[in-house]
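These notes are about the structure you will find just below.
The values are calculated or read from the model by the stated rules, or taken from the named source; none is laboratory data. No experiment lies behind these values; they were computed from the predicted model shown. Cβ coordinates were reconstructed from backbone atoms using ideal geometry, including for glycine residues, and neighbour counts include every protein chain displayed.
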Amino acid sequence: MDQNRDGFIDKEDLKDTYASLGKINVKDDELDAMLKEATGPINFTMFLNMFGEKLSGTDTEETILNAFKMLDPDGKGSINKDYIKRLLMSQADKMTAEEVDQMFQFATIDAAGNLDYKALSYVLTHGEEKEE
């Protein structure tokens with residue numbers, strides 16, 4: 001979504017995203033309303049929190065878990081972060097190394113370099129846990 005790759009999603013990024021989906025007549029007030037839903041600049045973490053709020057009450061966490069489980073044939077609950085990074089950067093809608101590293105900033109990774117995909121699935125569907 002960050003079409004200009006500045007680390008934040010702004011109005012122009014939203015317009016470009018809609019255009020890529022075939023919708024080119026999005027009104028500025030609609031885009032402004034979307035941007036006002038955020039409590040600050042929309043970086044990757046803010047986007048995930050907002051996305052998670054929209055998805056609450058659905059079974060999306062189970063769907064995400066099932067996708068990760070396909071990459072975890074031994075059922076360990078974790079997948080090597082380097083393997084995930086290679087997949088995310090080489091398949092379908094390829095992510096950049098920076099985008100993957102942003103994801104790793106709020107993901108739980110153990111000393112062996114394994115990503116806890118159950119915890120990541122929770123963050124994706126419920127937003128990041130707040131520290132008190």
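Figures for the structure shown
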item: Qualifying residues in region 7-27 (those that are of a type in the set (Lys, Arg) and touching a Leu at 6+ places or on another chain (Cβ under 9 Å)) - the one farthest from Ile42 (Cα to Cα); result: Lys15
item: Search result, residues across region 2-44 that are under 18 Å from Asp93 (Cβ atoms), assigned to a helix (DSSP H, G or I) and not β-branched (Val, Ile, Thr); result: Asp13, Leu14, Asp16, Tyr18, Ala19, Ser20, Phe44
item: Any chance Lys76 is surrounded by 13 or more Cβ atoms within 10 Å (Cβ to Cβ) and among the basic types (Lys, Arg); result: no
item: Residues (part of a loop (DSSP other than H, G, I, E, B) and either charged (D, E, K, R) or more than 18 Å from Thr45 (Cβ to Cβ) (or both)) located in region 101-115; result: Asp110, Ala111, Ala112, Gly113
item: Any hit, region 19-40, residues being on the phi < 0 side of the Ramachandran plot, polar (S, T, N, Q) and surrounded by 12 or more Cβ atoms within 10 Å (Cβ to Cβ); result: no
item: Only listed residue being surrounded by 12 or more Cβ atoms within 10 Å (Cβ to Cβ) and at pLDDT 85 or above, chosen from Leu65, Leu48; result: Leu65
item: Residues located in region 67-100, provided they are in a loop (DSSP other than H, G, I, E, B), touching a residue at least 40 places away in the same chain (Cβ under 8 Å) and either touching a Pro at 6+ places or on another chain (Cβ under 6 Å) or under 20 Å from Met1 (Cβ atoms) (or both); result: Thr96
